[in-house]
Amino acid sequence: MRVIGLMSGTSYDAVDAGAVDLGLDGDSLVLKPLGLVSEAYDEPLREALTAALPPASTSMAEVCRLDTRIGQTFAATAVHAVRELCDGRAELIASHGQTVYHWAEEGRVHGTLQLGQPAWIAEATGLPVAADFRSRDIAAGGQGAPLVSLVDLLWLRGRPGTPVALNIGGIANLTTPDGTAFDTGPGCALIDAAARGFSGGRLSYDVDGALAGRGTVHEPLLNRLLEEPYYALPAPKTTGKELFHLGHLRDALAGVGTLPAEDVVATLTMLTARTIADAVGAVGATEVIASGGGTRNPVLMRMLGQRLPGVALRTSDELGLPSAAKEAYAFAVLGFLTAHGLPGTEPSATGARHARVLGSITPGQDGLRLPPPAGRRPVRLVVQ
């Protein structure tokens with residue numbers, strides 16, 4: 001089955017569309033990458049989304065407008081991917097949507113909201129669309145994240161030692177071979193917030209780690225940031241920009257005085273490296289396979305490598321899954337599982353009571369036509 005996965009992460013800068021050929025071969029799921037296209041959010045939409053996200057307040061009218069406009073952006077990206085990557089022959093779209101709120105309190109997740117109305121995607125492409133993947137896991141008692149943990153678990157299986165999969169997006173998350181998965185804390189969220197704040201909006205992130213590279217880690221600020229209780233919570237756990245936003249940084253800065261922008265960004269970069277490395281060390285990893293936008297920050301990757309002596313640190317690109325496309329491919333896999341009636345979660349990763357088939361399906365132009373249900377979920381992922 002040829003599937004397109006659509007993803008926009010917690011950095012909310014663009015929609016990624018990753019196309020794959022997927023098929024079951026015995027107990028293996030075989031994945032052949034077909035490529036990635038990205039469409040940036042237009043600036044008015046990005047500004048509207050930024051203004052509506054926590055800790056800001058918003059209105060139901062604005063939620064409706066964002067749901068529509070994000071859905072239309074996802075739809076345009078999907079049309080591009082069907083044409084450019086699949087020669088017009090895609091069979092299913094799997095859309096993660098844009099997370100705008102993850103309702104977590106005292107270690108428990110009560111709900112989640114992803115915008116990007118899938119009807120726009122179905123209407124534009126004529127294809128069925130699987131979407132709203134996280135809600136069913138939460139209804140089954142899970143955290144609803146990190147959902148890519150199942151794909152990582154299938155992919156890690158059989159590798160020597162204790163490999164872990166690491167994704168560094170706005171939030172960083174980790175998956176281990178025994179099915180444990182959790183958000184370690186901020187990936188690039190606080191770094192991005194600081195870069196925007198100090199540049200007056202001119203920068204949306206620390207390009208090539210340039211700010212951090214010119215700065216010096218401020219230990220008192222780092223220690224204040226490390227006092228955040230989230231880091232001490234046991235797995236499974238999940239977090240988001242509801243916690244790690246510019247206000248979180250301002251609260252920490254209030255106790256240390258005025259610092260140069262470069263020192264603040266260097267300190268936040270070390271915070272990300274430190275919290276990831278602490279999590280990697282706690283699970284006894286011998287290999288870290290990293291993906292996500294954070295892998296393109298050389299200062300962050302250098303700091304992380306320095307804090308992981310004796311642990312092999314490599315990117316998913318080295319193993320056949322392009323880092324930039326990995327999450328889009330992962331949601332394509334989840335869409336494939338949903339279409340075949342197979343569970344898309346691992347209870348040990350999300351904390352759910354049971355593994356569940358995820359998402360809702362919006363029919364395409366030919367109505368709802370799904371493949372016959374598969375017998376059982378695959379136990380490993382093979383990348384061709």
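The values are calculated or read from the model by the stated rules, or taken from the named source; none is laboratory data. Note that the coordinates shown come from a computational prediction; the quantities given were computed from them, not determined experimentally. When the accessible area is computed, the model is the full protein with side chains, heavy atoms only, and any ligands, DNA or RNA have been set aside. Shrake-Rupley method; radii C 1.70, N 1.55, O 1.52, S 1.80 Å.
Brief remarks on what is shown
- Angle between the chain longest axis and helix 189-199 axis [Cα atoms, degrees, rounded to 10]: 60 degrees
- Which of Thr286, Thr180 is most accessible, then next, and so on - probe 1.4 Å: Thr286, Thr180
- Folded to 0 to 90 degrees: helix 261-282 orientation relative to the chain principal axis, Cα: 60 degrees
- Shape call, the range 109-155: gyration tensor on alpha carbons, a/c limit 1.5: oblate
- Proximity of backbone amide H atoms, modeled 1.01 Å from N, is registered between Val382 and Leu29, Val30, Leu31 at under 5 Å, excluding neighbours fewer than 5 places apart on the same chain.
- Of the beta bridges in the chain, as assigned by DSSP with both residues counted there, near 65 percent are antiparallel.
- Accessible surface for Arg296 stands near 150 Å², nearest 10, in the context of the full protein assembly shown (1.4 Å probe).
- Ligands, DNA and RNA excluded, the heavy atoms of Leu319 present near 50 Å² of accessible surface to a 1.4 Å solvent probe.
- Taking a ≥ b ≥ c as the square roots of the Cα gyration tensor eigenvalues, the range 1-146 comes out oblate, since a/c reaches at least 1.5 and a/b does not exceed b/c.
- Take Ile93: with every protein chain present and a 1.4 Å probe, its accessible area is about 0 Å².
- Where Tyr41, Tyr205 fall by accessible area, highest first, once all protein chains stay in place (1.4 Å): Tyr205, Tyr41
- Of Glu84, Glu39, the residue with the largest accessible area leads and the full order is Glu84, Glu39 (1.4 Å probe).
- Interchain or long-range residues, amide H under 5 Å from Gly185's placed H: Ala172
- Cα gyration tensor shape for the range 109-218, rounded if a/c is under 1.5, else prolate or oblate: oblate
- Mean separation of Cα contacts under 8 Å (6+ apart) over length of the range 75-191, as relative contact order %: 18 percent
- Within the same chain, lysines fewer than 8 places from Lys32 are excluded, and of the rest, those with a Cα less than 22 Å from its Cα are Lys326.
- The chain, accessible area per residue, ligands and nucleic acids excluded (1.4 Å, Å²): 40 Å²
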